[in-house]
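The values are calculated or read from the model by the stated rules, or taken from the named source; none is laboratory data. Since this is a predicted model, take the numbers as computed values, not measurements. Cβ placement follows ideal geometry from the backbone for every residue including glycine, while neighbour counts extend to all protein chains displayed. Quick note on the areas: whole protein, heavy atoms, side chains included, nothing else; ligands and nucleic acids left out. Shrake-Rupley method; radii C 1.70, N 1.55, O 1.52, S 1.80 Å.
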Amino acid sequence: MTATVPAPARTRGSRAGASRRSGTGRDPLERQQRRLFWPFAAPALLFYTVLFLVPIAYSAYISLYKWDGMGEKTWKGFGNYQTLIDDPTFHTSLENTLTILVVGGLVTFAIAFALTLALREMWGRMFARSALFFPCLVNAMVFGASAGFIFHPSGPVNTALRWAGVDDPPKWLSTDNSFSMITAIVIWSATGYYTTIIMAAVDQIPPYLYEAAELEGASAWGKFRHITLPLSWDVVSVCAVLWTVSSVKIFEIVLLFGTANTNPSVKSWTTAMYVYQSAFPQSAVPKLGLAAAAAIVSLLMVAVFTLALRRLMRRDPIQF
């Protein structure tokens, strides 16, 4: 019969200590990082809650009432949302916003990629990048005012067209063309911003990948499809989210197409303009409940598009 020799106390203690360490699964450095998480994150979370979450919750609360901002609130439930469903002006505003979001986004990123490919090997590309980024430093209303001067019926564009023999130049700033002009201004002012970001991502791609592709006889489209786009995909997905958020907030340029006494044409309104006109009408009672409901719908639209983009553009990371 074989006797079982008990393990030494030191061995049992060391095993117990190892078991405790494995049970926690954290080394001292990780525990210290966890202790420091809340002291550093709490101020940011507090500001985020006060400046973002609380206003959003209050807007959702106001959207359930009829209120002019001065008198008593009148309960409407989801009546304001039903008003939005039945309001053709909101339909136009929502359609315009989606047009800028989708069509304007596709055109903006197509131009940004084209400029990235053209400037990748160009001498002086840093200066070109700075020049492209410069419009982002200027307020959007400056571009609207510039467009109003350039495309005025007696402005430089129409004057040049008359010199070229065009007797009846297009009415660029008319009601029917105002939304097209707004979309063009938005694309013009945003293209440089996204080009600069994408160029920064493309600069990180090793040159030997392009050299190997050239040795294999790859065309410019092939290098873009198999090298540039996959290796900058993470940055492009972030840019897509940024564009989604910014396109829903377009307001100043639309407002500039009106005058001191008249509002911009309803045909050029966006959802942000609809919110503004509902909350601060020129000759009517403010409808803060309706404005809050439109703002909540815009927020939900941004959330849906952002989640859809993140899911559709999710890719496995590529190491290079």
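Considering only R31, R162, R310, the Gaussian network model of the chain with Cα springs below 10 Å gives its largest mean-square fluctuation to R31. Protein-only accessible surface at a 1.4 angstrom probe places the residues V157, V304, V202 in the order V304, V157, V202, largest first.
On the protein heavy atoms, probe 1.4 angstrom, tell me the percent of accessible surface of the chain carried by carbon and sulfur.
Working: 13400 of 20280 Å².
Heavy-atom surface of the chain belonging to carbon and sulfur, 1.4 Å probe: 66 percent.
Lysines within cross-link reach of K287: Cα-Cα under 18 Å, excluding same-chain residues under 8 positions apart? In chain and number order, the partners are K66, K73, K76.
Averaging over every viewing direction, what projected area does the convex hull of the Cα atoms of the range 253-295 cover, in nm²? Please report the intermediate quantities before stating the final value.
On the way: hull surface 11.5 nm².
Across all orientations, the range 253-295 yields a mean hull projection of 2.9 nm².
Straight-line cross-link partners of K267 among the aspartates and glutamates, defined as a Cα under 18 Å from its Cα and at least 8 positions apart when in the same chain: D86, D87, E95, D176, E252. In summary, the range 56-129 shows an alpha-carbon radius of gyration equal to 1.98 times the 2.2 N^0.38 Å reference for compact globular proteins. Here the range 180-270 has an Rg and Dmax of 19.1, 64 Å, counting Cα atoms alone. Once the Cα atoms are used to define both axes, helix 9-24 deviates from the longest principal axis of the chain by about 10 degrees.
Shape analysis of the range 151-303 places it in the oblate category; the axes a ≥ b ≥ c from the Cα gyration tensor give an a/c of at least 1.5, with a/b not above b/c.
Which of S237, S180, S219 moves the most in a Gaussian network model of the chain with Cα springs under 10 Å? For the chain, modelled as a Gaussian network with Cα springs under 10 Å, the answer is S219. Probing with 1.4 Å while keeping every protein chain in the model, the per residue accessible area of the range 30-71 equals 82 Å².
In straight-distance terms, cross-link reach from K223 covers every one of the aspartates and glutamates whose alpha-carbon lies under 14 Å from its own, apart from those fewer than eight places away in the same chain; here that gives E121, E211, E214. Taking the helices alone, the chain has a mean residue ellipticity at 222 nm of -20000 deg cm²/dmol, built from -39,500 (n - 2.57) per DSSP H run of at least 4 residues and averaged over all its residues. For Y65, the residues whose modelled amide H falls within less than 5 Å of its own, excluding neighbours fewer than 5 places apart on the same chain, are K76.
Projected over every direction and averaged, the convex hull enclosing the alpha-carbon atoms of the chain yields 32.6 nm².
Which of rounded, prolate or oblate describes the range 107-214 when judged by the alpha-carbon gyration tensor and an a/c cut-off of 1.5? Let's see the in-between values first.
Numbers: a/c = 2.86, a/b = 2.28, b/c = 1.26.
Note, shape of the range 107-214 comes out prolate.
Springs between Cα atoms under 10 Å define the GNM used for the chain, and in it the highest mean-square fluctuation of F109, F37, F251 occurs at F37.
If you rank Y48, Y210 by how much accessible surface each has, with a 1.4 Å probe, what is the order from largest down? Let's see the in-between values first.
On the way: Y48 120, Y210 10 Å².
Highest to lowest solvent-accessible surface, that is Y48, Y210.
Is there a quick way to get the dipole size of the chain? I mean about its Cα centre, with the Cβ of Lys and Arg at +1 and of Asp and Glu at -1; what is the value in debye to the nearest 20? Walk me through the intermediate numbers first.
Working: 26 positive and 18 negative charges, 387 e Å.
About 1860 debye.
Kirkwood analysis of the Cα pair distances in the range 169-216 returns a hydrodynamic radius of 14.0 Å. Near Y65, once Lys and Arg are set to +1 and Asp and Glu to -1 for all other residues with Cβ below 11 Å from its Cβ, the sum equals +2. Note that the range 60-77 has calculated 3J(HN,Hα) couplings of 4, 5, 5, 5, 8, 10, 9, 8, 9, x, 10, x, 6, 7, 10, 5, 10, x Hz, one per residue in order, obtained from phi through the Karplus relation 6.51 cos²θ - 1.76 cosθ + 1.60 (θ = phi - 60°); glycine and proline are x.
Couplings 3J(HN,Hα) of the range 40-55, computed from phi: 8, 7, 4, x, 5, 5, 5, 4, 4, 5, 5, 8, 10, 5, 5, x Hz, in residue order, whole Hz [Karplus 6.51 cos²θ - 1.76 cosθ + 1.60, θ = phi - 60°; x for Gly and Pro]. In order along the range 108-113, the phi-based Karplus estimate (6.51 cos²θ - 1.76 cosθ + 1.60, θ = phi - 60°) of 3J(HN,Hα) comes to 4, 6, 5, 5, 4, 5 Hz; Gly and Pro are listed as x.
Restricting to Cα pairs below 8 Å that are 6+ residues apart, what does the relative contact order work out to for the chain? Please round to a whole percent. 27 percent. Could you work out how far the C-alpha centroid of the range 239-315 sits from that of the range 61-106, in angstrom? So the separation of the two Cα centres works out to 9 Å.
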